[in-house]
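What follows is one structure encoded as structure tokens, with my remarks underneath.
What follows is calculated from the coordinates using simple rules that are stated; it is not laboratory data. Being a predicted model, the structure only gives us computed values, none of them experimental. Note that each Cβ is placed from the backbone with ideal geometry, even for glycine, and that neighbours are counted across all protein chains shown.
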Amino acid sequence: MIFSSILKLPTKYALGCRLWGHQDAILCLAVSNSGTLLASGGFDGLRVWDLHKEVQLPQPPQMQSPKDPITTITWLAQNDSIQETLCCRTGLGYLLIWRQRPHTVVEFEEVVARRISGGHEIMAIASDAGNGTGTCIIVTTWDKRVQTWTIDSRNRLSNVFSVELTTSIPHAVYLRGCDIIVFGMYDGDIHVLQSDNRMVIEARSTGMTTGSACVDKTGSLFIIDNAISGFSLHRLNDGSCIRTYDTKLLKMYPKQVAFAEDSTTIVGGSDNGLVYIFEMNTGTKRQVLQHSRMAQTQTITTYNGEDHTGIVVVSSNNDADNTITVWKK
């Protein structure tokens, strides 16, 4: 009996910790591939946190400007796991890359700071470990461009190609094998590009405005904030809607949505300070988390730790509490 109770896994998410440090609105979150480091960015710059110790790590000097906030963060995929590498973009089109210093987990150094989009806002970033030529970075920009870059072990950033979409402003981007999947912001269009020859090989549509999008681990399904009823699940091969998850919207704020628990669960933000957790296959609401009593819950991310699944949440309002909340199961 004692042995079985020890092995019993939690069925509900519980508050893990709260992190304080930002003095202004937080716009983006990302957890490292190892599940141990959290990056957060916004109007007062970029920060990195140790999720085990629940502390902020020392960081390199930053040129912080409210006119050029950190708006997207991703941890780069790598063939080796010795150094974690963080890539982020700013509102004025700068691509920043921080690499973990050898033999330490407490500091990062900035190895790239380059304006790559002619001053246009970078909308989304994705990455792939590459095939020996360096890590591949996919960047989409406000002027409808999809760009591919590589960064090698000597931190040299090289452009591979750039292609302009006809109509869509690319809001989210994912890699599926050799294909680049791009989600349009206003038109609900999905564009599939071949990463080796920059050709747009397919285009399909959800028919819905996309507040945010996330592709599942199989690369066959995606979930969006549809800005109407809440969230909706779609097939990637044709964009058709399979299921909706109603959050009873009072106001139409864009909010992030993500898969969790091996893509069996949907986690999404709200306009009322709550975080909604749904069973993907049935649409059943599993749990509701209270992040804030007043502010919208617009920015979330999920991750897999060594012994738990985590959800990280912030409110992205300038006048809201800038606390980062971490929930664990």
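What is the gain in length, in nm to one decimal, between Arg235 and Asp262 on full extension, counting 0.36 nm per residue of separation less the C-alpha to C-alpha distance?
Full extension of this stretch gives 8.0 nm more.
Just from its helices, what would the mean residue ellipticity at 222 nm be for the chain, if runs of 4 or more DSSP H residues each count -39500 (n - 2.57) and the sum is divided by every residue, rounded to the nearest 500 deg cm²/dmol?
Calculated at 222 nm, the ellipticity per residue is -500 deg cm²/dmol.
From the residues Leu175, Gly21, Gln78, which one has its Cα farthest along the dipole of the range 12-328 in the positive direction, the dipole being from +1 and -1 charges on Cβ of Lys/Arg and Asp/Glu about the Cα centre?
With unit charges placed on the Cβ atoms, the residue in question is Gly21.
Taking a ≥ b ≥ c as the square roots of the Cα gyration tensor eigenvalues, with a/c under 1.5 meaning rounded and otherwise prolate when a/b beats b/c, else oblate, which class fits the range 274-329?
It comes out oblate by the Cα gyration axes.
Just rank Cys214, Cys136, fewest to most, by other beta-carbon atoms within 10 angstrom.
Cys136, Cys214
Suppose every K and R has +1 on its Cβ and every D and E has -1 on its Cβ; what is the size of the dipole of the range 136-274 about the Cα centre, in Debye to the nearest 20?
That gives the range 136-274 a dipole magnitude of about 180 debye.
Who wins for biggest fluctuation among Ala203, Ala30, Ala295 in a Gaussian network model of the chain, springs between alpha carbons below 10 Å?
Checking each option, the largest mean-square fluctuation is seen for Ala203.
Among Val160, Val326, Val275, Val314, rank each residue by its count of other Cβ atoms within 10 Å, from fewest to most, as a rough exposure measure.
Ordered from fewest to most neighbouring Cβ atoms within 10 Å, Val160, Val326, Val275, Val314 come out as Val160, Val326, Val275, Val314.
Would you grab the residues whose amide H sits under 5 Å from the one on Glu202? Only those 5+ places off in sequence or on another chain, please, with H modelled 1.01 Å from N.
Counting only residues 5 or more places away or on other chains, the set is Val192.
If you place +1 on the Cβ of every Lys and Arg, -1 on the Cβ of every Asp and Glu, and leave all else neutral, what size is the dipole of the range 12-328 about its Cα centre, to the nearest 20 Debye?
Dipole magnitude for the range 12-328 comes out near 260 debye.
Please rank Trp20, Trp142, Trp98, fewest neighbouring Cβ atoms within 10 Å first, as an exposure proxy.
Result, fewest neighbours first: Trp20, Trp142, Trp98.
Sum up the charges of everything whose Cβ sits under 12 Å from the Cβ of Ala258, counting Lys and Arg as +1 and Asp and Glu as -1, but leave Ala258 out.
Once positives and negatives cancel, what remains is -1.
Rounded, prolate or oblate: pick one for the range 135-260, where a ≥ b ≥ c are the square roots of the eigenvalues of its C-alpha gyration tensor, a/c under 1.5 means rounded, and failing that, prolate if a/b is larger than b/c, else oblate.
Prolate shape, in that a/c is at least 1.5 and a/b is the bigger ratio.
What does the highest-first list of 277-290, 39-52 look like by mean Cβ count within 10 Å?
39-52, 277-290
If you average the C-alpha positions of the range 215-229 and of the range 233-284 separately, how far apart do those two centres end up, in angstrom?
Their Cα centres are 7 Å away from one another.
Of Lys67/Lys248; Lys67/Lys255; Lys144/Lys248; Lys53/Lys217; Lys53/Lys255, which pairs sit farther than 25 Å apart, going by alpha carbon to alpha carbon?
Check vs 25 Å cut-off fails for Lys67/Lys248; Lys144/Lys248; Lys53/Lys217; Lys53/Lys255.
Give the dimensionless ratio obtained when the Cα radius of gyration of the range 12-328 is divided by 2.2 N^0.38 Å.
My calculation over the Cα atoms of the range 12-328 gives 0.93.
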